[in-house]
Amino acid sequence: MSGAPVRVGVVGFGYWGPNLVRNLDKLADADLVVACDTNEANLAKFSALYPYAATTTDLAAFLADYSLDAVVVATSAPAHFVIARAVIEAGKHCFVEKPLTLTSADAEELVRIAAERDVVLMVGHLMVYHSAVTYIKEVIESGELGDVLYLYAQRLNLGKVRVEENAFWSLAPHDVSIVHYLLGEAPDSVSANGAAYLNDGVEDTVFANLHFPSGRMANIHVSWLDPHKTRKFTIVGTKKMLVFDDMEATEKIWIYDKGVGAPSDAMAFGEDLTLRFGEIKAPFLKMAEPLSLEVQHFLDCCRNGQTPRSSGREGLEVVRVLEAVSESMRTGGAPVATGLETA
Ligand SMILES: NC(=O)c1ccc[n+]([C@@H]2O[C@H](COP(=O)([O-])OP(=O)(O)OC[C@H]3O[C@@H](n4cnc5c(N)ncnc54)[C@H](O)[C@@H]3O)[C@@H](O)[C@H]2O)c1
């Protein structure tokens, strides 16, 4: 592509689409050209904010008439696959909100046709663009925490209750993608329990355990039925422990020099393990809006053909984990293989 701004169209201007568009419109590398939505009232809201861009309810015209380089798909999840497939088949770079699709077969097809057409396929795993997550990745790779033993994530709130997908499909793509990114591996099996207290058949509260080929484990707890808005991540390493609390305005990360160890010869005598309580630090984090970093990354990938950090393949792997969690919940928490160890 030339150095000209990337000509971008957006499909879906409901709750989340406006956030993506607000960020796209601010970036010099993007030219916001047109929005497509089946809901005329939402298109009217778009026009009021971006009068210089066109609108349409017709996806075929959207893809054919505006010389778009790239498309951002922010419809509700059930529409992702059909729209993303049309976008890729039209030869345009494609950003799809999470979850990439509702089945791994659909995700595989998108990954395959994007490779065939040589277009970028990126999924909106927003959290892997969060400055805190980037920082934590550096801390882990520096060895400061020692070996990561296990981690757990809590993403809880009262609402937003959805009916077209359960709380795990709605919220946990963030946590699964963070875990994959931080650990550099995907789980080979999962086991999960969930309950549908609010709407029959749609789990609003889920506890999932992810087991990794390295022997590490992660627990993800998501809920729409909780008194506290919680966005918390805890990582326990052999040397130190780290807590990332995204509800904190400034001190989002705390690193605890705490652990359990034995004096070099204590084990030989069968003595008790010793607890270590050391310094606690809250490192300074230079924060940028994750959504802005995410859309800039998409534009960069469109420009230089680079594989996105949250690639279509990563989107597929997350969908495999989501499917395995659903299967485990159906079978009362039985372990379910993800098939990812050989992927
Ligand atoms: N990254 C995040 O943190 C985050 C947060 C919220 C939502 N999301 C994701 O964003 C996506 C949209 O969620 P939402 O809450 O905005 O949903 P929404 O239902 O509020 O909005 C979806 C919009 O898409 C339109 N639409 C639906 N089907 C369409 C079709 N076939 N053609 C054209 N337009 C169509 C609807 O009319 C609506 O305007 C979902 O994938 C969701 O998971 C991501």
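The values are calculated or read from the model by the stated rules, or taken from the named source; none is laboratory data. Nothing here was measured: the structure is a model prediction, and the numbers come from that model. Just the protein is used for accessible areas: all its heavy atoms, side chains included, with ligands, DNA and RNA removed. Shrake-Rupley method; radii C 1.70, N 1.55, O 1.52, S 1.80 Å.
With 31 Å as the limit on Cα-Cα distance, the pairs of 98/239; 26/252; 45/252; 137/229; 160/258 that go past it are 98/239; 45/252; 160/258.
Note on the stretch 6-125: the alpha carbon radius of gyration divided by the globular reference 2.2 N^0.38 Å gives 0.97. Legend: residues 243, 72, sorted from most to least accessible area (1.4 Å probe; ligands, DNA and RNA excluded), read 243, 72. Solvent-accessible area per residue in the chain equals 44 Å², computed with a 1.4 angstrom probe and all protein chains kept. Between residue 258 and 241, 278, the built amide H atoms are under 5 Å apart, and every one of these is 5 or more places off in sequence or on another chain.
Atom-type composition of the exposed protein surface of the stretch 6-125 places 50 percent of the accessible area on carbon and sulfur (1.4 angstrom probe). Annotation: residue 254 carries an accessible surface of approximately 80 Å², with a 1.4 Å probe and no ligand, DNA or RNA atoms counted.
For the stretch 72-169, the direction-averaged projected area of the alpha-carbon convex hull comes to 8.4 nm². Residue separation of residue 103 and residue 52 scaled by 0.36 nm, minus their Cα-Cα distance, works out to 14.7 nm of gained length. Of the solvent-accessible surface of the stretch 184-342, computed with a 1.4 Å probe and all protein chains present, 52% belongs to carbon and sulfur. Here is what passes the span test in the chain: the DSSP H helices with alpha carbon length of 18 Å or more along the helix axis and a Kyte-Doolittle mean of 0.0 or above are 167-183.
In the context of the full protein assembly, residue 108 retains an accessible surface of approximately 80 Å², using a probe radius of 1.4 Å and ignoring ligands and nucleic acids.
For residue 338, the residues whose modelled amide H falls within less than 5 Å of its own, excluding neighbours fewer than 5 places apart on the same chain, are 189, 190.
The Cα center of the stretch 128-159 and the Cα center of the stretch 11-39 differ in position by 29 Å. If you sort 247, 127 by accessible surface, 1.4 Å probe, largest first, the order is 247, 127.
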